[in-house]
Amino acid sequence: MDSHAATKKLETLRMLMAGHTDTSEERRILDLLRDSSAAELNFLLANIDLESLLGDLDDGIFGPDHHTQLLDMLCRERATQLALPLRASLVTALQRGSTPTLAERCIRDLFLGVRGRELTAFKNLLDAGNNHQDLEKLLFDDMDDPAVREDILAHIRREAESAPSGENKILSDIDDTFYVNLKDTRYPSKTVYPGVLAFYAELDRGPGIIPGREGDLTFVTARPMDPLGAVENLTFDSLRKHGVPPHVVLSGSLTHLLGNSRIAAKKFDNFQRYARIFPEYGFVFVGDSGQGDVEFGDRMLSAAPHSVHAVFIHDVVETPETARRAWRDRHIYFFDTYVGAALEAFALGLISRDGLARVAIASRESMEGIAFTSAAQRDARKAELTRDLQRADAVTSPSPPAAH
């Protein structure tokens with residue numbers, strides 16, 4: 001690509017897009033894009049606001065249909081020439097605001113033009129915006145035509161059969177799972193649990209020597225989603241401030257805030273949607289014993305026993321040991337500390353031995369920074385952690401050489 005010529009084209013394109021764009025300027029924009037090589041087209045689209053470009057070109061009542069022509073060019077005629085991140089950005093631009101029929105069909109065509117592992121990468125790009133405009137919202141809320149939605153989901157289903165990812169999506173609750181917020185009185189309010197971030201990271205990394213793709217953490221919460229995504233975006237901001245890496249949030253609704261069964265039902269609906277979007281993945285859920293997560297985890301395991309590999313429950317209500325054992329037989333693992341959770345995950349082959357050691361180190365360090373409200377509270381929590389650290393040390397410490 002001639003960088004000087006491409007830069008001149010970019011300057012021209014930006015000039016044509018500035019202010020009101022009349023019919024002749026729209027035509028010049030179309031001609032400029034059509035006459036660009038694949039490399040130039042990628043350069044141009046990567047350096048402008050795609051949403052503005054789509055809004056600048058219109059379909060007249062009596063023609064010309066410049067908006068339709070632009071979408072045909074980008075979503076069909078030259079879509080395969082666009083880099084995958086650009087195609088994802090194009091879908092995001094089409095998703096903004098109302099999503100009319102033409103936009104939905106263009107989104108479908110972009111999906112159908114991507115296959116195999118490239119489709120998995122494409123979906124993950126669309127799910128990585130770190131705001132409420134995620135893939136689940138696109139397909140199940142923004143897309144109105146059920147036939148178009150089913151075309152996309154059928155394509156996803158077919159491609160997953162031939163290209164399993166070999167990795168897991170980590171689903172997690174927030175309140176009393178990530179940090180203290182509702183029923184847990186064992187720690188000071190808003191405390192991020194020692195080792196939880198390290199546990200997420202190791203589940204995401206996987207058990208192999210070569211780490212899996214980062215970014216497979218998704219929060220499933222009963223917090224309500226509003227049409228503008230304000231509550232969900234506040235949740236994103238809060239989690240980011242507490243050190244959570246890029247993630248997705250699947251929200252609840254106001255009608256499901258009352259009652260553990262209703263909360264579990266809404267979370268299960270979200271899981272079913274998410275499993276349809278990412279059928280090439282396995283799933284692991286991390287929740288707590290205070291607000292419907294045990295029921296939700298049990299429903300997950302019943303609905304998808306081959307793809308849900310484990311449910312980890314942070315016990316905040318002192319569940320009796322007999323009940324814990326009964327749930328364990330159903331692959332639901334209760335734990336008191338995230339070192340305890342990591343021990344279970346290691347035994348199940350979900351994290352590595354080194355990963356278990358890293359969770360132990362992070363938990364020990366985090367515990368030291370917590371300002372407990374009483375000595376009794378501090379001593380009880382440290383005793384739990386010490387117990388699980390000793391168990392982890394027995395697993396991770398090198399075995400002594402055999403005597404001869």
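I'd like to know if the stretch 340-350 contains one or more residues that are open to solvent by 20 Å² or more (accessible area, probe 1.4 Å) and at positive phi. Yes - at least one qualifying residue is present in the stretch 340-350.
Of the conditions (1) within 15 Å of Asp288 (Cα to Cα); (2) in contact with a Phe, Trp or Tyr (Cβ under 8 Å, 6 or more places away or on another chain), Ala304 satisfies every one except a single condition; which number is it? Condition (1) is where Ala304 drops out. Would you please name the residue that is surrounded by the most Cβ atoms within 10 Å (Cβ to Cβ), looking only at residues in the stretch 269-292 that are hydrophobic (A, V, I, L, M, F, W, C) and in contact with a strand residue (DSSP E or B) (Cβ under 9 Å, 6 or more places away or on another chain)? So, considering only residues that are hydrophobic (A, V, I, L, M, F, W, C) and in contact with a strand residue (DSSP E or B) (Cβ under 9 Å, 6 or more places away or on another chain), the one surrounded by the most Cβ atoms within 10 Å (Cβ to Cβ) is Val286.
Residues are listed down the side, and each one gets a yes or a no for (1) out of contact with any Lys or Arg (no Cβ under 7 Å at 6 or more places or on another chain); (2) at pLDDT below 95; (3) among the polar types (S, T, N, Q):
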| position | (1), (2), (3) |
| --- | --- |
| His20 | yes, yes, no |
| Thr23 | yes, yes, yes |
| Asp31 | yes, no, no |
| Gly55 | yes, yes, no |
| Asp58 | yes, yes, no |
| Gly63 | yes, yes, no |
| Leu70 | yes, no, no |
| Leu82 | yes, no, no |
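Within the stretch 162-187, the set of residues being open to solvent by 20 Å² or more (accessible area, probe 1.4 Å) and either assigned to a loop (DSSP other than H, G, I, E, B) or free of Cβ contacts under 8 Å to residues at least 24 places away in the same chain (or both) comprises Pro164, Ser165, Gly166, Glu167, Asn181, Leu182, Lys183, Thr185, Arg186.
Of all residues being without any contact (Cβ under 8 Å) to a residue 60 or more places away in the chain and open to solvent by less than 10 Å² (accessible area, probe 1.4 Å) in the stretch 297-325, which is nearest to Lys183 (Cα to Cα)? Just the residue, please. If you could, list the steps in order and put the result at the bottom.
We begin by selecting, within the stretch 297-325, every residue without any contact (Cβ under 8 Å) to a residue 60 or more places away in the chain; these are 297-308, 310-313, 315, 318-325.
Subset that is open to solvent by less than 10 Å² (accessible area, probe 1.4 Å): 297, 300, 308, 310-313, 315.
Numbers: Gly297: 19, Met300: 23, Val308: 27, Ala310: 23, Val311: 20, Phe312: 18, Ile313: 14, Asp315: 10 Å.
Only one residue fits best here, namely Asp315.
All conditions but one from (1) modelled with pLDDT of 95 or more; (2) at positive phi apply to Asn130; the one that does not is (1). Can you spot a residue in the stretch 202-224 that is modelled with pLDDT under 90, open to solvent by 30 Å² or more (accessible area, probe 1.4 Å), under 20 Å from Ala342 (Cα atoms) and among the hydrophobic types (A, V, I, L, M, F, W, C)? Taking every residue of the stretch 202-224 in turn, at least one turns out to be modelled with pLDDT under 90, open to solvent by 30 Å² or more (accessible area, probe 1.4 Å), under 20 Å from Ala342 (Cα atoms) and among the hydrophobic types (A, V, I, L, M, F, W, C).
The values are calculated or read from the model by the stated rules, or taken from the named source; none is laboratory data. All figures in this text were calculated on a predicted structure; none of them were measured in a lab. Positions of Cβ are backbone-derived with ideal geometry, glycine not excepted, and every protein chain shown enters the neighbour counts. Just so you know, the surface numbers come from the protein's heavy atoms only, side chains and all, with ligands and any DNA or RNA stripped out. Shrake-Rupley method; radii C 1.70, N 1.55, O 1.52, S 1.80 Å.
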